[in-house]
């Protein structure tokens, strides 16, 4: 998963990847014409499966 913007807990080192889903509060997906289907359907389902609510 590679969202456009991620808001996560300050308890996580900003240079460490990946960011654990449990620490993520919000993801923002930037929709582009070439990846619109993935951005609107696939990615949100993956975030939901990981327990990211917003």
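Read the figures in this text as sums done on the coordinates, not as results from a lab. What you see is a predicted model, and the numbers here were worked out from it, not measured in a lab. Every residue, glycine among them, receives a Cβ derived from its backbone with ideal geometry; neighbour counts consider all protein chains shown.
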Discussion item. Testing the spin-label approximation: label points 7 Å from Cα along Cα→Cβ at residue 2 and residue 31. State their distance in nm.
Written reply: 2.1
Worksheet entry | Listed candidates [x] 12.1; [y] 12.4; [z] 11.7 - label of the one calculated as Kirkwood radius over Cα pairs in Å | [z]
Response to the item:
Out of 33, 14, 44, a Gaussian network model of the chain with alpha-carbon springs under 10 Å gives the largest mean-square fluctuation to 33
Fill in: Which of 41, 17 has the fewest Cβ neighbours within 10 Å, and the rest in rising order
17, 41
Discussion item. Calculate the FRET efficiency for residue 10 and residue 45 from the Cβ-Cβ distance with a Förster distance of 30 Å, rounded to the nearest 0.05.
Written reply: 0.60
